[in-house]
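Shown next, in structure tokens, is the structure this report addresses.
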Amino acid sequence: MDASTSLATHHDPQQHDTGHEHHELGWWRKYIFSTDHKVIGIQYGLCGLVFLFFGFCLMMLMRWQLAYPGQALPVIGSALAHFFGPNTMPDGKMTPEFYNSLGAMHGTIMIFMGVVPVAFAAFGNFVVPLQIGAPDMTFPKVNAASFWAFGVGGLIMLTSFFVPGGAAQSGWTSYVPLAAISDRGPGYHPFLNGQTLWLVGFIFLITSSLLGAINFITTIIQLRAKGLTWMRLPFFVWTQFVTAFLLLLAFPPLEAAIVMQLMDRVAATSFFMPSGLIVNGTMMNISGGGSPLLWQHLFWFLGHPEVYVLILPAFGIVGEILANNSRKPLWGYKSLVFSVLVIGFLSFVVWAHHMWLTGMGTTVSAFFQTTTLLISIPSVIILSAFFISLWGGSIRFNVPMLFATAFLPMFGIGGLTGIPLAFNSADLYLHDTYYVIAHFHYIVATGTIFALFGGIYYWFPKATGRTMSEFWGKVHFWPTLVCMNVIFLPMFLQGMLGMHRRWYDGGQGWTLSGEHIWGLSGFQWNSPISWAAWIMGLAQIPFIINFFWSIKHGKKVNDNPWEATTLEWTAPSPPPHGNFVTTPVAYRGPYEYSLPGRDRDFTMQNEPVEPTERTRRKTVEQPVLV
């Protein structure tokens, strides 16, 4: 149902103002405790980017330990001991416990506090209502509650660094029984410990995502502009729509599992704790009877749809940028839409490929191997459609387009290297090695994060009325692209040498790491990888300066600087309360570029169809076979 069937919900903002006198909101109400979808989207974006940078800094600390194990971190090593606690970096040297905390919190922060809030919540909140011609989200106060639940969850996660024992040390997957008995040494506090705070913070993060998902689904169904039928929706809206369903259906089982694990830690239950567990030579005094594998099933039932929560919004962003900068419609729009829907369905029946080493039977493993291979098909269709969309286009290589086109081969590498992991026979060797790290990061880092950077450069003019510097954008792009590949490509080699992903000493004692490949042993590759990571950290400085400098000093642009076609570019920049000066009506599809007989090479969705466009094609005469 589109908004044409419920016109009562669509008020012209100007007419609304004449009927009701609005008082000016104060600064706190307008910019901090706002219910405006645009402000909330920007809040999500800024917080998510801060968390991404913080999580990246944790990884850079880990890279020092991997490249130079046991050596004191110069300059800041001693200061970190004062910041995180004396048991983390004594004399500037990283302890194994602190390394484990960094690994667990890096994964948690980057995924659940960084990429998901930026890709889904930030871009979704800001862009989706504008693209569908809506004045706001369906439930503005629920939207605000979603952001503040995210803020509380993030604050609890950060607080865990400063409690006795430090942050969670059981990995970002929080596997039991390790996670259930972690931090139980001298001075144990049942609540103020890293692992318990990780669980409590996660409950708030999940609640935030569920509130947002309900809001997105309702908004897209109910508040579409008149004439904006399903097959006229921009591809980005479709990806956000499916992503919202993934979150809504996959997160509740994990939230229930987290509550159960929390009870195992603080209330002596045994949902996941088996009988006969011996810790430090002593039998644990628990009821037992729980299943550690149950936690893995519940976690990965969310964990694999979560991968597509990370990648589907990136597909949508890249699709918008490619169509705009190739000046032609996305090739195979309907095939793209149906591919996203198929991905959404299949993502719920592939989770056990993360669990090949748990000893599942051949029938079950054959099923999950088959579904894992099947889900690669719609991904290939989407990537192929993007490549074909470039063919014959009048391509403009601005900064958003650089990130979007770089996304294509980077995601392709990530997808192709995942195929061996679909087979349990290959995974027996590659499981938990650096090969898995490289595969996943080619999907999320060189894939999703590149798309997010492209989206920021692309929609920045709509949010601020100004554009970011093209020169500094390219200074940001090229070192980032090169360093990303120097970081992750050698990890495939390390993984095939058998190097484990969680070794605190970087694998220097592993016999296979002594074998040389491309001139270096597996352990020796840690050094160039680490230097590339640190250089990439420096490469983000131009982006940070460019971003904040351009808010006030960037070049002023009109409402449609990219000469795009979708409805958000019909709104003023930045959009006012209610978004549109007049309620938009959609008359055509989202990517009407380079139509024949037009003075311009773009035709916006709110432009009525002209009589000359209604002429039918002449029937092509079929050749007569003699």
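Filter the stretch 511-553 for residues that are under 20 Å from G45 (Cβ atoms) and aromatic (F, W, Y); which is surrounded by the fewest Cβ atoms within 10 Å (Cβ to Cβ)?
Here the residue is F548.
Taking the stretch 337-395 as the search range and keeping residues that are open to solvent by less than 70 Å² (accessible area, probe 1.4 Å), touching a residue at least 40 places away in the same chain (Cβ under 8 Å) and not in a helix (DSSP H, G or I), which one is nearest to W238 (Cα to Cα)?
Filtering first and then ranking leaves V350.
How do the pairs read when you match residues in the stretch 314-336 that are open to solvent by 10 Å² or more (accessible area, probe 1.4 Å) with residues anywhere that are of a type in the set (V, I, T) and not in a loop (DSSP other than H, G, I, E, B), using Cβ under 7 Å and keeping only pairs 6 or more apart or on different chains?
Correct list of pairs: W331/I388; S335/I381.
Does the stretch 114-122 include one or more residues that are within 19 Å of M536 (Cα to Cα) and not hydroxyl-bearing (S, T, Y)?
yes
When you go through D12, D36 one by one, which is the residue that is among the charged types (D, E, K, R) and at pLDDT 90 or above?
Going through D12, D36 in turn, just one is among the charged types (D, E, K, R) and at pLDDT 90 or above: D36.
If you go through the stretch 432-468, how many residues are basic (K, R) and either touching a strand residue (DSSP E or B) at 6+ places or on another chain (Cβ under 7 Å) or open to solvent by 10 Å² or more (accessible area, probe 1.4 Å) (or both)?
1
I want to confirm something. Restricting to the stretch 147-163 and keeping residues that are of a type in the set (A, V, I, L, M) and surrounded by fewer than 24 Cβ atoms within 10 Å (Cβ to Cβ), which single residue is farthest from the chain's Cα centre (by Cα)?
V163
When you go through S34, S101, S78 one by one, which is the residue that is open to solvent by less than 40 Å² (accessible area, probe 1.4 Å) and in a helix (DSSP H, G or I)?
None of the others qualify; the one that does is S101.
Results for (1) touching a residue at least 40 places away in the same chain (Cβ under 8 Å); (2) β-branched (V, I, T); (3) touching a His at 6+ places or on another chain (Cβ under 7 Å); (4) over 19 Å from Q43 (Cβ atoms), shown as yes or no for each residue.
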residue: M113; (1), (2), (3), (4): yes, no, no, no
residue: F120; (1), (2), (3), (4): yes, no, no, no
residue: N125; (1), (2), (3), (4): yes, no, yes, no
residue: D136; (1), (2), (3), (4): yes, no, yes, no
residue: S170; (1), (2), (3), (4): yes, no, no, yes
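State all residues of the stretch 541-593 that are among the aliphatic types (A, V, I, L, M), within 21 Å of R327 (Cβ to Cβ) and touching a Pro at 6+ places or on another chain (Cβ under 9 Å); if no residue qualifies, say none.
V557, L567
More than 25 Å from L155 (Cβ to Cβ), crowded, with 24+ Cβ neighbours inside 10 Å and polar (S, T, N, Q): which single residue out of Q222, Q240 fits that description?
Being more than 25 Å from L155 (Cβ to Cβ), crowded, with 24+ Cβ neighbours inside 10 Å and polar (S, T, N, Q) holds for just one of Q222, Q240, which is Q240.
State whether the residues of the stretch 200-217 include one that is in contact (Cβ under 8 Å) with a residue 60 or more places away in the chain, in a loop (DSSP other than H, G, I, E, B) and out of contact with any strand residue (DSSP E or B) (no Cβ under 6 Å at 6 or more places or on another chain).
no
What about A250, is it surrounded by 20 or more Cβ atoms within 10 Å (Cβ to Cβ) and either in contact (Cβ under 8 Å) with a residue 24 or more places away in the chain or under 29 Å from I443 (Cβ atoms) (or both)?
yes
Of all helices (runs of 4 or more DSSP H) completely enclosed by the stretch 421-513, which ones contain at least 1 residues that are closer than 22 Å to F547 by Cα, out of contact with any Asp or Glu (no Cβ under 7 Å at 6 or more places or on another chain) and hydroxyl-bearing (S, T, Y)?
450-464, 470-496
Identify all residues within the stretch 576-601 that are surrounded by fewer than 20 Cβ atoms within 10 Å (Cβ to Cβ) and of a type in the set (F, W, Y); write none if there are none.
If the condition is that a residue be surrounded by fewer than 20 Cβ atoms within 10 Å (Cβ to Cβ) and of a type in the set (F, W, Y), then Y587 is the only one that fits.
Report yes if G165 is touching an Asp or Glu at 6+ places or on another chain (Cβ under 6 Å) and assigned to a loop (DSSP other than H, G, I, E, B), otherwise no.
Against the criterion (touching an Asp or Glu at 6+ places or on another chain (Cβ under 6 Å) and assigned to a loop (DSSP other than H, G, I, E, B)), G165 qualifies.
How many residues, within the stretch 272-313, are in contact (Cβ under 8 Å) with a residue 60 or more places away in the chain and assigned to a helix (DSSP H, G or I)?
Total satisfying the criteria: 14.
Residue by residue through the stretch 123-146, note down the ones that are assigned to a helix (DSSP H, G or I) and open to solvent by 10 Å² or more (accessible area, probe 1.4 Å).
Of everything in the stretch 123-146, those that are assigned to a helix (DSSP H, G or I) and open to solvent by 10 Å² or more (accessible area, probe 1.4 Å) turn out to be F123, F126, P140, K141, V142, A144, A145.
Which of the residues that make up the stretch 168-196 are of a type outside the set (V, I, T), open to solvent by 10 Å² or more (accessible area, probe 1.4 Å) and part of a helix (DSSP H, G or I)?
L178
The values are calculated or read from the model by the stated rules, or taken from the named source; none is laboratory data. If you're wondering where the values come from, they're calculated on a predicted model, not measured in any experiment. Glycine gets a Cβ as well: all are built from the backbone with ideal geometry, and neighbour counts include every protein chain shown. Side chains are part of the model used for accessible areas, which takes the heavy atoms of the whole protein and leaves out ligands, DNA and RNA. Shrake-Rupley method; radii C 1.70, N 1.55, O 1.52, S 1.80 Å.
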